[in-house]
Amino acid sequence: GFNPQARVQFAPPLPLGFLGEQELVDVWFTEPLLAEVALEAVRRIPLDGLEWLEASTVPLSAPALGADVVAADYRVAVGTDLIPPKLAERRIRDFLAAESWPIEIRKKDGTRRRDLKRSVQAIEWSATGSEVVFSVRMSFADNEHVNPVVALGHVLGLDLSARTHAARITLHLRSKPAPLLTA
């Protein structure tokens, strides 16, 4: 039987446990719609925690959004009980001064080697009360993307799993270059 279903694709998927701000999504409709009409249509669908901000019309022949993503900015907050600000400053300085920062990442199908200096395009930090907040830009080029919490853990020399509050705040597209980092 014929059962029409929505075709929706988030690009790229969020890492597990991350919040997303200003995420991008491809939505296909069964008939051509003006962007404003499509935006009003999806805004009427009740989706808890999701707000549709804007829409634009894209030709069906255009590549998927995921193919246009080159980098993403993340905000990761870590308690000062885990990483004192002075130690964070020293470890970030060491990372920025290094020519390479090789790591191994375990996946289901084996271990992969990455150079974090190719994966991390920029990193900044600030201390706010009981947290150290890191702004990290991660590359999506050439399969160099690393989960930003994993990357930050390697830079700081800590296991940060389940000890952070993390959000992807911006996706950067090849077609829309952006400033280096926004904290």
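The values are calculated or read from the model by the stated rules, or taken from the named source; none is laboratory data. Only a predicted model underlies this, so the values are computations on that prediction, with no experimental measurement involved. Using ideal geometry, Cβ is built from the backbone for each residue, glycine included, and neighbour counts are taken over all protein chains shown. Side chains included, ligands, DNA and RNA excluded: accessible areas come from the protein's heavy atoms. Shrake-Rupley method; radii C 1.70, N 1.55, O 1.52, S 1.80 Å.
If I ask for residues that are in contact with a helix residue (DSSP H, G or I) (Cβ under 8 Å, 6 or more places away or on another chain), of a type in the set (D, E, K, R) and either open to solvent by 70 Å² or more (accessible area, probe 1.4 Å) or at pLDDT below 85 (or both), which ones from region 11-46 would you list?
none
For region 150-162, what are the residues that are within 18 Å of the chain's Cα centre (by Cα), open to solvent by 20 Å² or more (accessible area, probe 1.4 Å) and over 25 Å from ARG174 (Cβ atoms)?
Of everything in region 150-162, those that are within 18 Å of the chain's Cα centre (by Cα), open to solvent by 20 Å² or more (accessible area, probe 1.4 Å) and over 25 Å from ARG174 (Cβ atoms) turn out to be HIS154, SER161, ALA162.
For region 103-117, how many residues are at pLDDT 90 or above, among the aliphatic types (A, V, I, L, M) and assigned to a strand (DSSP E or B)?
Qualifying residue count for the region: 1.
Considering only residues of region 59-83 that are of a type in the set (D, E, K, R) and modelled with pLDDT of 95 or more, which is least open to solvent (accessible area, probe 1.4 Å)?
So, considering only residues that are of a type in the set (D, E, K, R) and modelled with pLDDT of 95 or more, the one least open to solvent (accessible area, probe 1.4 Å) is ASP73.
Regarding region 112-126, can at least one residue be identified that is open to solvent by 80 Å² or more (accessible area, probe 1.4 Å), free of Cβ contacts under 8 Å to residues at least 24 places away in the same chain and under 14 Å from LEU156 (Cβ atoms)?
Looking for residues that are open to solvent by 80 Å² or more (accessible area, probe 1.4 Å), free of Cβ contacts under 8 Å to residues at least 24 places away in the same chain and under 14 Å from LEU156 (Cβ atoms), one finds none in region 112-126, hence no.
If only one of SER139, SER130 is in contact with a Ser or Thr (Cβ under 9 Å, 6 or more places away or on another chain) and either open to solvent by 50 Å² or more (accessible area, probe 1.4 Å) or modelled with pLDDT of 95 or more (or both), which one is it?
Answer to the selection: SER130.
Quick check on region 84-96. Is at least one of its residues surrounded by 15 or more Cβ atoms within 10 Å (Cβ to Cβ), under 18 Å from ASN143 (Cβ atoms) and at pLDDT 95 or above?
No - not one qualifying residue is present in region 84-96.
Would you confirm whether or not region 126-136 contains a residue that is within 20 Å of the chain's Cα centre (by Cα), in a helix (DSSP H, G or I) and of a type in the set (Gly, Ala, Ser)?
There is no residue in region 126-136 that is within 20 Å of the chain's Cα centre (by Cα), in a helix (DSSP H, G or I) and of a type in the set (Gly, Ala, Ser).
With respect to ARG75, is the statement that it is among the basic types (Lys, Arg), part of a strand (DSSP E or B) and closer than 25 Å to LYS117 by Cα true?
Answer is yes for this residue.
Each row is one residue, and each column tells you yes or no for (1) closer than 15 Å to VAL8 by Cβ; (2) part of a helix (DSSP H, G or I).
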{"position": "GLN22", "(1), (2)": "no, no"}
{"position": "THR30", "(1), (2)": "yes, no"}
{"position": "VAL58", "(1), (2)": "yes, no"}
{"position": "SER61", "(1), (2)": "no, no"}
{"position": "ILE83", "(1), (2)": "no, no"}
{"position": "ARG91", "(1), (2)": "no, yes"}
